[in-house]
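The block underneath contains the structure these notes are about, expressed in structure tokens.
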Amino acid sequence: MNTASIIPASRTEHIRYAVRDIVVLANEVAKSGKEMLYLNIGDPNQFDFVTPPHIIEAICQALQANQNGYSPSSGIKSAIQAIEKEAHRKGIRNVLDLFVTSGASEAIEICLTALLNPGENVLIPEPGYPLYNAIVAKLDAVENPYYLDEDHGWQPNLADIASKINDKTRAIVLINPNNPTGSVCEMETLRGVIALARKHDLVIFADEIYDKLILDGQRHVSIASLDPDAMYITFNGLSKSYLGPGFRIGWGIVSGPQARMRDYMEAINKILRARLCANHPIQHAIAAALGENQEHLKDVIPRLTRRRNITTERLNAIPGIHCVPAQGAFYAFPRLDIPESDEEFVRELIRATGVVVVPGSGFGQVPGTKHFRVVFLPPEEILEKAFRQIADFMETWRKRTR
């Protein structure tokens, strides 16, 4: 009998997901009985945020009405109509196609799969959401990172983007608001990205999953609303702004010149048809979520603003840590002034204090810099306690390394 181990596909070698990987260590520390303070997962429902009741009711009604069979591959009619209306509200006028998926993650994976051949590349922001890197690795494509400028509020560095484009570059990813930094793109940045995309025939992947979670009274501008002659796919879903991450419902909006996008849209739809459909009864939540009732945001935004302020103030008061204030979403990405790696810092922080954050290297960062990501979703008293722990740990760490 052959007892040799099964050799996994080489495409899995470089797949990492720091947000979940750090939980392995956190679980080990929790077994010791230490109190754990989790600032690592961007899941509002793990804390004191609740899905709006009218969204839950729409799902319950669908289940009771036996809307439990397969749906059309692109999604049910009410969902598609609601997404199109939302696209128009955002100023996206030249909509070519819309489709509902199992979370925005599936939409992103389908669209990358339909676009990239082995050896081709897509421009991905660093810091940025690690899902993109994992998908690119799985497709035997090439990671092509561009950097965000920490000294300019974590705006995408347009000069760096321009320097990274080559004859195998197919698309540019723009995460706005950004995970993990909480930055929101300025108009100048958006127009600069469009100019580069048009010059080099790139598809813009506009990841706008946090578009309703904008702080300080700012306005989110969807990049696809600015120039109808560029090529876009805009991603969104119910997980963040609508407090339903476990629903696993997202969507994509294709817009741009129809003649140029036609073949690509058909490739996307081939994959959509092959995987049948997204969760049918949960799709009924889309029209409810995108409708006129947005009352939950009147509670969510002030709470996030207070928690952002606590996060920024407490972290910036700690010697050796500097934190750019988030403008959207619910993340901060503070910089560490330490000689060691951020991975080592985070591991020791978790072991010593039970405060769980994620090392910045898991999201990408400018070489030579060190960061960690904080989720400021927890209640204010938990944040205050966690930041006291971080301050005490940092003081001990700096004394040890002097």
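The values are calculated or read from the model by the stated rules, or taken from the named source; none is laboratory data. Since the structure is predicted, the reported quantities are computational estimates derived from the model, not experimental observations. Using ideal geometry, Cβ is built from the backbone for each residue, glycine included, and neighbour counts are taken over all protein chains shown.
See the values below:
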item	result
Set I59, I22, I108, I55: member being crowded, with 19+ Cβ neighbours inside 10 Å, at pLDDT below 95 and not aromatic (F, W, Y)	I22
Lone qualifier among N45, N27, N40, N66 - being of a type outside the set (A, V, I, L, M) and at positive phi	N66
Qualifying residue in the range 346-354 (condition: outside the structural domain of S241 (by TED's automatic domain parsing) and within 23 Å of L213 (Cβ to Cβ))	no
Matching residues, the range 362-382, being of a type outside the set (D, E, K, R) and surrounded by fewer than 19 Cβ atoms within 10 Å (Cβ to Cβ)	V366, P367, G368, T369, P379, I382
Filter pass, S71 being of a type in the set (S, T, Y), out of contact with any His (no Cβ under 9 Å at 6 or more places or on another chain), crowded, with 16+ Cβ neighbours inside 10 Å and under 20 Å from I282 (Cα atoms)	no
Entirely in the range 16-122, the helices (runs of 4 or more DSSP H) that have 1 or more residues that are in contact (Cβ under 8 Å) with a residue 40 or more places away in the chain and within 30 Å of D263 (Cα to Cα)	77-89, 103-115
Hits in the range 144-182 (condition: in a strand (DSSP E or B), within 18 Å of the chain's Cα centre (by Cα) and touching a residue at least 40 places away in the same chain (Cβ under 8 Å))	P145, Y147, A171, I172, V173, L174, I175
Criterion: assigned to a loop (DSSP other than H, G, I, E, B), of a type in the set (A, V, I, L, M) and in contact with a Pro (Cβ under 8 Å, 6 or more places away or on another chain) - qualifying residue of L315, L243	L243
Sole residue being under 30 Å from G33 (Cα atoms) and either under 21 Å from the mean Cα position of the chain (by Cα) or surrounded by 16 or more Cβ atoms within 10 Å (Cβ to Cβ) (or both), chosen from E343, E348	E343
Only listed residue being crowded, with 20+ Cβ neighbours inside 10 Å and either farther than 16 Å from S361 by Cα or basic (K, R) (or both), chosen from P130, P156	P156
Any pair with Cβ under 6 angstrom, 6 or more apart, that starts in the range 252-269 at a residue that is more than 22 Å from K85 (Cβ to Cβ) and ends at one that is among the hydrophobic types (A, V, I, L, M, F, W, C)	A267/A114
